[in-house]
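Read the structure below first, then the notes.
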Amino acid sequence: MYSNLQLTHEAYQQAMGAQTANINAMRDRLIRTFWRLRAASQRQRFWERLTGRPSLLLDLNEEKAKTAVTTRHHEGIQTISLNRIVGSEGRQNDFDANFRPRQANGRDRWVSVALMRALGKSLPPVSLVLLGDAYFVRDGHHRISVARARGELDIEAEVIRWQTA
């Protein structure tokens with residue numbers, strides 16, 4: 001009986017070793033993906049400087065200053081098209097308009113979110129503000145960036161609608 005238990009333990013150890021190797025390889029691929037996305041963002045930034053047409057995320061605070069927000073309503077959790085998310089609350093310099101990372105210091109967070117998604121783990125909904133017909137990210141920038149990089153079309157979000165006069 002002990003020998004069967006020992007074989008089972010050895011098989012478990014081998015499986016765990018193989019799983020760890022697979023996860024490490026996956027992490028390496030995701031790191032390379034992050035750097036490719038960041039390089040594309042940097043090329044876009046260079047092109048923007050040449051043409052004078054920036055492609056930045058809208059700033060929620062700037063948009064709010066242009067309008068009179070009268071009330072705020074919790075709209076609940078909804079499925080939102082990623083293309084309708086066009087701005088950010090406070091992080092508009094960390095991602096470009098396509099939610100590609102602009103800053104290298106977000107790599108570890110981006111890779112961990114991407115790894116969780118690649119392993120099929122569910123993540124909490126992002127937090128969005130709906131102002132007019134545009135969505136702005138309060139929380140979940142990396143989740144949105146990863147979803148876009150994966151070719152996903154929509155994302156689960158907790159939405160707060162800001163009504164304007």
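For the reader, a short list of remarks on this structure follows.
- Residue ID - farthest from A40 (Cα to Cα), chosen from residues in region 56-97 that are of a type in the set (S, T, N, Q) and open to solvent by 70 Å² or more (accessible area, probe 1.4 Å): T70
- Filter pass, G140 being without any contact (Cβ under 8 Å) to a residue 24 or more places away in the chain and under 26 Å from Q163 (Cα atoms): yes
- So R91, is it over 18 Å from D133 (Cα atoms) and assigned to a loop (DSSP other than H, G, I, E, B): yes
- The set of residues in region 123-165 being of a type outside the set (G, A, S), within 24 Å of R29 (Cβ to Cβ) and assigned to a loop (DSSP other than H, G, I, E, B) consists of L123, R150, E152, L153.
- Restricting R45, R107, R100, R138 to residues that are touching a Ser or Thr at 6+ places or on another chain (Cβ under 6 Å) and open to solvent by less than 80 Å² (accessible area, probe 1.4 Å) narrows the list to R100.
The values are calculated or read from the model by the stated rules, or taken from the named source; none is laboratory data. These figures come from a predicted structure and were not determined experimentally. Every residue, glycine among them, receives a Cβ derived from its backbone with ideal geometry; neighbour counts consider all protein chains shown. Ligands, DNA and RNA are stripped out before the accessible areas are found, and what is left, the full protein with its side chains, is counted by its heavy atoms. Shrake-Rupley method; radii C 1.70, N 1.55, O 1.52, S 1.80 Å.
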